[in-house]
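Some notes on the structure that comes next.
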Amino acid sequence: MSNSPRTGLAVAGLSLGTALNPLNSSMIAVALVVLRADFGLDVATVTWVITSFYLTSAAGQPLMGRLADRFGPRRLFMLGMALVAATCALAPFAPNFALLCVARAVMALGTATAYPSAVVMVGALAKLADVKSTRPLGRIQMANTSAAAVGPVVGGLLVGFVGWEALFLVNVPLALGAILLVRQFAPADEDRERGRAAELLRDSDIPGILAFIGSMVLVMMALLNVVPEYRWWLLGAGTLLAVLFVWRELRFDPPFLDLRLLGRNRPLLLVYLGFALFNGVYYFAFFGLPQLLQEAGGYEPGLVGLLMLPLAAVSVISTPLAVRAMDRIGVKRVLIAGVVLLIAASGTMWLLTASFAIPLVIALTAMLGVPYGVVSIASSQGMYLSTRPEERGVAAGIFQTCRYLGAITATVLIGIFYGTGVNQANWGLMVFTMLGLGAVVFAVSLMWRERR
């Protein structure tokens, strides 16, 4: 086969693996009621099936990226997909809910290998196909974007026709398919770190890794309020671990995360900040709008899922168009245009304070899909251009963590705004908040410059 078809099949395998993390983070939401009934749980307990996945994904992405940088993205990707396939084949037979949550965490760790590994391989794939990096990266990002949006629809069909077990079993053929495509068509890993196990372990900065993961998990547990009576203790402990992590990374060589280099890389920091805030705006609508339509609008959950579907469809269509635009006019201009569209789409959401008409809802969710596709791929390309090749794995991992930080921040703020009731008045306040965050994203985008 020529390089171009081989590259296309390799990108298809990477895209398939990359889609599993956002797909599983969203489609489980429709199974909460069924899981409560099957395991005899209360509302607070059943949400751990989501929380365990979120926490592991957010903390595990940078670690998986670091491992991809050190030991090779192709082998790490296949190892992660094998872990997903094995875990999802066994999860439906879990005898209790605690083990099911453990399975979700292990599955999250396996899927967390995909995106960082794919980003590390983008340069080699683009070179083989003789195209710009925006092409393979755009396809991978398109899978990442659309999977989260279609998750509730796919999950609803699987749970409705088969049961919650299908949400795990569906990952088995998908993960195996990703392994086969990447093993057959992706380029072999370049020579990476080798040596004795003791030396590799010594240079891995295990204390730094543990401090990073611990601080991330504790702070996010505090933000999500998973243990209300210990919320401030969790936040304090997470902050203390974060301070210890910084102290360790500034003293250890080689560090898990080179904070000095990251501090000097202003373009990358701006990408992270802008992407986290952008996801805060997006998840305000993604999480807040379905609640509004169900509780204030009186729509059934199945209909609400279909009303959110235009967001996924339009984001898939807009992503390749944004890729072509970046090739012509550059990343920054496309990024700024996407943010302007984000602010405009956020402003039109105020119309829902007056009407819940189905044509209006479809038009608004479709409008939001345009900036979601455009800003996602432009931010991803900005991250890629702002890092050196040997650091792209961990950089991509942190990039994905910024997505979860934005989602978690939106979740916390939605809880505050809807605390007095899910109604149109409180939705109007949320729209003003979305506009404020969008203005900050716009300012950050103006400051970004491509790293030379």
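The values are calculated or read from the model by the stated rules, or taken from the named source; none is laboratory data. Predicted model only: the values in this text are computed from it and were never measured. Note that each Cβ is placed from the backbone with ideal geometry, even for glycine, and that neighbours are counted across all protein chains shown. To get the accessible areas, we keep the full protein, side chains included, count just its heavy atoms, and leave off ligands, DNA and RNA. Shrake-Rupley method; radii C 1.70, N 1.55, O 1.52, S 1.80 Å.
Note on LEU446 and GLN184: with the Förster distance fixed at 51 Å, the Cβ-Cβ geometry gives a FRET efficiency of about 0.70. A 1.4 Å probe, protein heavy atoms only, puts the accessible area of THR353 near 40 Å². Semi-axis lengths, largest first, of the ellipsoid equivalent to segment 367-410 are 21, 15, 5 Å, with √(5λ) applied to each eigenvalue of the Cα gyration tensor. Among the protein heavy atoms of the chain, carbon and sulfur supply 68% of the accessible surface, probe 1.4 Å, non-protein parts ignored.
Taking a ≥ b ≥ c as the square roots of the Cα gyration tensor eigenvalues, the chain comes out rounded, since a/c falls below 1.5.
Using a 10 angstrom Cβ neighbour count of at most 15 plus a DSSP loop assignment to flag exposed GluC sites (Glu not before Pro), which longest range of the chain is free of such sites? Answer from the scan: 194-449.
Only DSSP H runs of four or more residues enter the estimate; each adds -39500 (n - 2.57), and after division by the residues of the chain the mean residue ellipticity at 222 nm equals -26500 deg cm²/dmol. Of the residues PRO116, LEU41, ALA357, the one whose Cα sits farthest toward the positive end of the charge dipole of the chain, with +1 on the Cβ of Lys and Arg and -1 on the Cβ of Asp and Glu, is PRO116. Segment VAL246..PHE432, full-extension length gain: 63.4 nm, with 0.36 nm per residue of separation and the alpha-carbon distance subtracted. Across ARG248, ARG75, ARG36, the residue with the most accessible area heads the list, and the full order at a 1.4 Å probe is ARG75, ARG36, ARG248. More than 15 Å apart: what percent of Cα pairs in segment 255-354 qualify? The share of Cα pairs beyond 15 Å in segment 255-354 comes to 74 percent.
How large is the accessible surface per residue of segment 129-187, computed with a 1.4 Å probe and reported in Å² as a whole number?
On the way: 2490 Å² over 59 residues.
So segment 129-187 comes to 42 Å² accessible per residue, rounded to a whole number.
Determine, from the Cβ-Cβ distance of TYR230 and LEU360 and an R0 of 41 Å, the FRET efficiency 1/(1 + (r/R0)^6), rounded to the nearest 0.05.
The formula returns an efficiency of 0.45 here.
Whole-Hz Karplus values for segment 413-430 come out as 5, 4, x, 5, 5, 8, x, 9, x, 8, 9, 5, 5, 5, 4, x, 5, 5 Hz, taken residue by residue from phi with 6.51 cos²θ - 1.76 cosθ + 1.60 and θ = phi - 60°; glycine and proline positions read x.
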